[in-house]
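What follows is a set of notes on a single structure, which appears directly below.
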């Protein structure tokens, strides 16, 4: 089983398949390396695809203290996997927590990215909701302490933005649910306390976001309420960004709508690879 090792000596499990231009997939809180299987199978036909599990997600290491789970460390985990695989630059595609890490890579290490794709990104960033988001994350961490992963899956795994997936694809949702329920409870609690509670709002990065010149794609389900406003925000402030809203879709868009996600991402990557995805023409801006 292959592992990359981070600067703080945490082992991260990864898988890779295919050849060509590198494409790195970065998972959400309720996912892990397995959550990108529909994309790994599809894009390996054209790209060197990499998926991995963050710290706290077995078979990656589970550091014992929340201080090892800051958002900067998750950002740097992406780079650690790329360094281990000797990947200088890659298309980077993240969902939710992974989308936040992808955004942070674009801010801190733009020289390592060919493009950024941020799906379902920005939950908890709305100014009026930041405090509640942090309180809710701490509350869920306490549930992990007392109920374990299977217990939390019955509540967090059935949250409002997950329901569209269950409604349209019960079989696919059941697979997602079982994988989520199998997570290491200590790692999940530490991720909530270190990453989710401690990370700044996306809006706090506005000055840095405005400087992003990388080709960027923002994807959001129209029934993923917490991420709609942040997605519009990212579209507004990243000059070379496009926004795709998936109809009748919730949070986990890559597995809820795999065909639409793959087509949308594939078209974006092809346009970027052709050198045709540039910043917005100033003439299109409303005066």
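The values are calculated or read from the model by the stated rules, or taken from the named source; none is laboratory data. Nothing here was measured: the structure is a model prediction, and the numbers come from that model. Every residue, glycine as well, gets a Cβ built from its backbone with ideal geometry; the counts of neighbours run over all protein chains shown.
In this structure, does residue 112 turn out to be closer than 18 Å to residue 205 by Cα, surrounded by fewer than 24 Cβ atoms within 10 Å (Cβ to Cβ) and free of Cβ contacts under 8 Å to residues at least 40 places away in the same chain?
Details: closer than 18 Å to residue 205 by Cα: no; surrounded by fewer than 24 Cβ atoms within 10 Å (Cβ to Cβ): yes; free of Cβ contacts under 8 Å to residues at least 40 places away in the same chain: yes.
So residue 112 fails the test.
Search segment 163-178 for residues that are at pLDDT 95 or above and pair each with any residue that is assigned to a loop (DSSP other than H, G, I, E, B) when their beta-carbon atoms are under 7 Å apart and the residues are at least 6 apart or on different chains.
163/250; 164/223; 164/248; 164/249; 164/250; 165/250; 165/252; 176/252
Kindly indicate whether residue 189 is farther than 21 Å from residue 33 by Cα, part of a helix (DSSP H, G or I) and at pLDDT 95 or above.
Spelling it out, it is not the case that residue 189 is farther than 21 Å from residue 33 by Cα, part of a helix (DSSP H, G or I) and at pLDDT 95 or above.
Read through the list (1) in contact (Cβ under 8 Å) with a residue 60 or more places away in the chain; (2) under 21 Å from residue 93 (Cβ atoms); (3) surrounded by 14 or more Cβ atoms within 10 Å (Cβ to Cβ), then give the number of the only condition that residue 186 fails.
The one condition residue 186 does not meet is (2).
Among (1) buried (at least 21 other Cβ atoms within 10 Å of the Cβ); (2) in contact with a helix residue (DSSP H, G or I) (Cβ under 8 Å, 6 or more places away or on another chain); (3) more than 12 Å from residue 104 (Cα to Cα), where does residue 202 come up short?
If we test residue 202 against (1) buried (at least 21 other Cβ atoms within 10 Å of the Cβ); (2) in contact with a helix residue (DSSP H, G or I) (Cβ under 8 Å, 6 or more places away or on another chain); (3) more than 12 Å from residue 104 (Cα to Cα), just (3) comes out false.
State all residues of segment 15-36 that are surrounded by fewer than 20 Cβ atoms within 10 Å (Cβ to Cβ) and within 30 Å of residue 67 (Cα to Cα); if no residue qualifies, say none.
15, 16, 34
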